[in-house]
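Accompanying notes for the structure given below.
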Amino acid sequence: MGIIRILAPYLTLLRPNLVQNHQLIMARRLYASRTIGVDKNVWVEFTQLAADYKAVNLGQGFPDFSPPQFVQDAFCKAVSGGPQMHQYTRAFGHPRLVKSLAKFFSRVVGHEIDPFEDVLVTVGAYQALFCAFQALIDDGDEVIIVEPFFDCYQPMVLMAGGTAVYVPLRPKGGSSVLSSGDWVLSAEELASKITPRTKAIVINTPNNPLGKVYKVEELQMIADLCIKHDLLCFSDEVYEWLTYDGAKHVKIASLPGMWERTITVGSAGKTFSATGWKVGWAISSGKLIKHMKIIHQNSVYHCATAAQEAVSHGFDREYELFGTPESYFQQLPATLHQKRQKLASCLRSVGLQPVMPEGGYFMITDISSVNVDLNDESTKNESYDFRFVKWLIKEKGLATIPVSAFFSPEHSKEFDKYIRFCFVKEDSTLEAAEEILRKWSQKE
Amino acid sequence: MSYTRRILNAFGFTCRSFPTNCRRFCTSQSVMASRHTHAKRIEGLDKNVWVAFTSLAADPSIVNLGQGFPDIPPPSYVKDALAKAASVDRMNQYTRGFGHPSLVKALSQVYGKVYSRQVDPLKEILVTVGGYGSLFSTIQGLVDEGDEVIIVEPFFDCYVPMVRMAGAKPVLIPLRPKPGKKTVSSADWYLDPDELSAKFSSKTKAIIINTPNNPIGKVFTRGELQMIADLCIKHDTLCFSDEVYEWLVYKGHQHVKIATLPGMWDRTITIGSAGKTFSVTGWKLGWSIGPEHLIKHLQTVMQNTLYTCPTPLQEAVAQGLLLNYKLMGQPDCYFSSLAEELEGKRDHLAAILQEAGMSPVVPEGGYFMLVDVTPLNQDLSHMGDDEAYDYKFVKWMIKEKKLAAIPVTAFVGEESKEQFEKYIRLCFIKVDHKMSMGKNVPPFISFWFAAMETNLITF
């Protein structure tokens, strides 16, 4: 990729970029080279397809039920609040919100978090990740990404001029893996990927798409390597409250020696089932946050005020109710636990093999036992799971996401027999999916 | 690893190889320090005038005419639309990444009319996080390392750091006061055609213009824009036109879109803002409009930076746009009624400032006013030598007169500082004391204006 980058400007100078009505628009290349190789996006493609075929959508990860009443009320209150609710607030985070986040997470992490130095509020966790990569990854830096990974990590590394190095979670015990807990990182394999160029490692727990919730020993293993090789750790924890079967979410930043080298990313969208609010945050040592602030102040600068106010009230409520049955952070995982069971039994009943997630929004399913004739000419050259998902949308009206989209080019062939379902949906949506699957299996 | 770096490393030439070798001898503390270094792209970009002056002006006893946001309320129908949107389940979840469908359709309608051309809602519009986010995706998508970007001074302060963050070189050209004229209006500043022409080089990728201009308030005439357009076409460059104040144009002046000039649509990105259009800066929604072959690169940046903008806010802006689309050309259309309301405030502030002995520069558009403080002859030598006069003046004015403004040299490069250091910028989209009678307005604002009028506060 580096070679292409260097040669690209010279190659494109030699031919006109665009000719329209026989008139040259620009003789030189229009786009910046940082956009090379990052233009494809699986969501744009599959969201469109699901909409076109009006499919039952268990694809993209968002709830189809509403956020809890208390945050909706807080939002309405903010909207009808004083004029300052509709004007700029503090650029690095609405004061009320950063104070709520600092208070809430100080208790969770066991470390005093400074609301103004250690917290940056962003437009969703997505933008927090962007700030982290842009602020801290330079040309030539290597970034280790644990696969399967939320797809944006790779283009963000690339756009920052870095090189992505992949380490896969592998199912132990061969093909009969029943739980995301059975997918593990090899310590040796991870250590072997570290070079003098390695700047950071990106982990996601609970993991999207697998649902793995890293145990404390696994995080300790990663932490030991971070400390030994002096690496940064970007820890994407947007699904932190969604753990099932007693799995415990552990924050790698709370392990000894990790606070000052870890950026923890969180999301109000996933926390309060309001993905459309796009409020997220990064929490870390002020020494790292200050660099991210520079990216933030030169890219979006402020985030919307009213939504931040509402999220702040949400966290204050949860602070008081933490650990009690009234806490949304107890109730949501309990509800999702039941939906997870429902989807899993429905998939099993038609002969599919789901991998039970210990956490998160998603469940992956092994489709290798399914026999279908994927005779769609338009998808001939794509990987098996991409073809299968498109066939499932077009022929059965059910939308999912192909799992190889979450793997690197070098490993995607090994993992092209899985598709990803989102179970954070109304029971009626899950039932509609069940109906489609049942009809399909009965036909065979 | 890049090819170049591999070769250089082999010969031990890259300074990067030194920390690697040095690590064996260094203590773990200094190794940690070297690893947590920031990326080069943020070097020198940490200073920010807003961060500095917002905290100074945050004291509630200070009347803040500094930062550009309204303290007049937004129209009630946009707030109602937001509350309504948030009550719909689907509106609280992700929408289309490049712009909520109802919003891009509404933008396509409004701007289709304004541009007198079809604007494709899906391919020629990108919705972003404010005009700021629009500028960012434009520059990141289209400006490369080594490019030059011409920026007209005074400029909204983010243009230069954004261009530098993209690894490009800002080339500055100042607006100059017309020879022999006193600067009483923003129209008294102009761009010298020969000077501008000389700034174009083979490396020039784009020129950034802002009309109506922040901070001066200049509204570029058709003739001036044609002059810029001719140069863009001659030198085959892009044009990034920041038009966030497009509706705030005062009597006798007309906002002209450079993208409507012949040959310009295909090479121009035009930036707009819901925050400035509907007096809701805290909603942070904006848009880039341009030809598909340019917008698609901005969309690539969007999908790799924040992916999508908040849904309920986009829905509410869509409703606001549709409502005003129907009223376009009529007096109660917010696009024109806000300008009328502000014109009164503009004139009122100009009069007060003149009475106080300063020389206001009456803007043709926007909601800022420059004020020449030279006539006051305020001695600030006690404040040291290391800052421009206007920075010192504003700090002095905040402390002594409890009034906050923004120093204009924050909007210019080093070489132009002397030309602008006797000017400060005031924002007038604020409640005036006449409106304050009997309404819920912070008392100090009305007091300050009243005091100015009755000479209780003098300079």
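Considering only region A:95-105, I want to know if a residue exists there that is touching a residue at least 60 places away in the same chain (Cβ under 8 Å), closer than 15 Å to A:Val265 by Cα and within 9 Å of chain B (Cβ to nearest Cβ).
Looking for residues that are touching a residue at least 60 places away in the same chain (Cβ under 8 Å), closer than 15 Å to A:Val265 by Cα and within 9 Å of chain B (Cβ to nearest Cβ), one finds none in region A:95-105, hence no.
Mind listing whichever residues of region B:341-371 are under 17 Å from the mean Cα position of the chain (by Cα) and either on the phi > 0 side of the Ramachandran plot or assigned to a helix (DSSP H, G or I) (or both)?
Answer for region B:341-371, where residues must be under 17 Å from the mean Cα position of the chain (by Cα) and either on the phi > 0 side of the Ramachandran plot or assigned to a helix (DSSP H, G or I) (or both): just B:Gly366.
Among the residues of region A:46-94, count how many are closer than 28 Å to A:Val389 by Cβ and either more than 9 Å from chain B (Cβ to nearest Cβ) or part of a helix (DSSP H, G or I) (or both).
Final tally of qualifying residues: 14.
Of the residues in region A:192-224, how many are part of a helix (DSSP H, G or I) and either aromatic (Phe, Trp, Tyr) or surrounded by fewer than 21 Cβ atoms within 10 Å (Cβ to Cβ) (or both)?
So the answer is 7.
Just name the residue that is farthest from B:Asn210 (Cα to Cα) out of those in region B:137-156 that are of a type in the set (D, E, K, R) and facing chain A (nearest Cβ under 10 Å).
B:Glu145
For region A:255-299, how many residues meet the condition of being of a type outside the set (Gly, Ala, Ser), farther than 20 Å from A:Val216 by Cβ and in a loop (DSSP other than H, G, I, E, B)?
4
So which residues in region A:124-151 are within 22 Å of A:Lys40 (Cβ to Cβ), modelled with pLDDT of 95 or more and of a type outside the set (Phe, Trp, Tyr), if there are any at all?
A:Gly124, A:Ala125, A:Gln127, A:Leu129, A:Gln134, A:Ile137, A:Val143, A:Ile145, A:Val146, A:Glu147, A:Pro148
Which members of region B:127-156 meet the condition of being buried (at least 24 other Cβ atoms within 10 Å of the Cβ) and within 19 Å of A:Ile36 (Cα to Cα)?
B:Phe136, B:Ser137, B:Thr138, B:Ile139, B:Gln140, B:Gly141, B:Leu142, B:Val143
Can you confirm whether region A:122-143 contains a residue that is touching a strand residue (DSSP E or B) at 6+ places or on another chain (Cβ under 6 Å), crowded, with 24+ Cβ neighbours inside 10 Å, more than 11 Å from chain B (Cβ to nearest Cβ) and not in a helix (DSSP H, G or I)?
Within region A:122-143, one or more residues are touching a strand residue (DSSP E or B) at 6+ places or on another chain (Cβ under 6 Å), crowded, with 24+ Cβ neighbours inside 10 Å, more than 11 Å from chain B (Cβ to nearest Cβ) and not in a helix (DSSP H, G or I).
Collect the residues in region B:231-266 that are among the small types (Gly, Ala, Ser), more than 16 Å from the chain's Cα centre (by Cα) and more than 14 Å from chain A (Cβ to nearest Cβ), keeping them in residue-number order.
The answer is B:Gly252, and nothing else.
Within region B:196-210, how many residues turn out to be assigned to a loop (DSSP other than H, G, I, E, B) and under 10 Å from the mean Cα position of the chain (by Cα)?
0
Got a sec? Which of B:Thr95, B:Thr54 is among the β-branched types (Val, Ile, Thr) and under 20 Å from A:His302 (Cα atoms)? Steps first, answer last, please.
On the way: B:Thr95 fails: under 20 Å from A:His302 (Cα atoms).
After ruling out the rest, the residue left standing is B:Thr54.
Taking into account only those residues within region B:280-332 that are β-branched (Val, Ile, Thr) and part of a loop (DSSP other than H, G, I, E, B), which is farthest from B:Ser137 (Cα to Cα)? I'd like the intermediate steps shown before the answer.
If we filter region B:280-332 for residues that are β-branched (Val, Ile, Thr), which is where we start, we get B:280-281, B:289, B:295, B:300-301, B:305, B:308, B:311, B:317.
Now restrict to residues that are part of a loop (DSSP other than H, G, I, E, B): B:280, B:305, B:308.
Values: B:Val280: 21, B:Thr305: 9, B:Thr308: 13 Å.
Filtering region B:280-332 for residues that are β-branched (Val, Ile, Thr) and part of a loop (DSSP other than H, G, I, E, B), the one farthest from B:Ser137 (Cα to Cα) comes out as B:Val280.
Please find, within region B:75-90, the residue that is nearest to B:Leu403 (Cα to Cα) out of those that are facing chain A (nearest Cβ under 7 Å) and buried (at least 22 other Cβ atoms within 10 Å of the Cβ).
Per the criteria, the residue is B:Lys79.
Do any strands (runs of 3 or more DSSP E) lying entirely in region A:333-444 carry at least 3 residues that are under 20 Å from the mean Cα position of the chain (by Cα), and which ones are they? Break it down into steps so the answer makes sense when it comes.
Details: elements: A:353-355, A:362-366, A:418-422.
Once the strands (runs of 3 or more DSSP E) in region A:333-444 are filtered for at least 3 residues that are under 20 Å from the mean Cα position of the chain (by Cα), what remains is A:362-366, A:418-422.
Select from region B:220-254 the residues that are more than 21 Å from B:Glu364 (Cα to Cα), of a type in the set (Val, Ile, Thr) and crowded, with 19+ Cβ neighbours inside 10 Å and list them in ascending order.
Of everything in region B:220-254, just one residue is more than 21 Å from B:Glu364 (Cα to Cα), of a type in the set (Val, Ile, Thr) and crowded, with 19+ Cβ neighbours inside 10 Å, namely B:Thr237.
Can you say whether B:Ala58 is of a type in the set (Gly, Ala, Ser), surrounded by fewer than 20 Cβ atoms within 10 Å (Cβ to Cβ) and farther than 17 Å from B:Cys427 by Cα, as far as the supplied structure shows?
Answer is no for this residue.
Looking at region A:225-242, is at least one residue surrounded by fewer than 19 Cβ atoms within 10 Å (Cβ to Cβ), within 29 Å of A:Phe423 (Cβ to Cβ) and not assigned by the TED database to the domain that holds A:Val424?
No, there is no match, as no residue in region A:225-242 is surrounded by fewer than 19 Cβ atoms within 10 Å (Cβ to Cβ), within 29 Å of A:Phe423 (Cβ to Cβ) and not assigned by the TED database to the domain that holds A:Val424.
Regarding region A:204-222, can at least one residue be identified that is farther than 29 Å from A:Lys77 by Cα, touching a Cys at 6+ places or on another chain (Cβ under 8 Å) and of a type outside the set (D, E, K, R)?
So far as region A:204-222 goes, yes, one or more of its residues are farther than 29 Å from A:Lys77 by Cα, touching a Cys at 6+ places or on another chain (Cβ under 8 Å) and of a type outside the set (D, E, K, R).
The values are calculated or read from the model by the stated rules, or taken from the named source; none is laboratory data. This is a predicted model, so every value here is computed, not measured. Neighbour counts run over all protein chains shown; Cβ positions are idealised from the backbone, glycine included.
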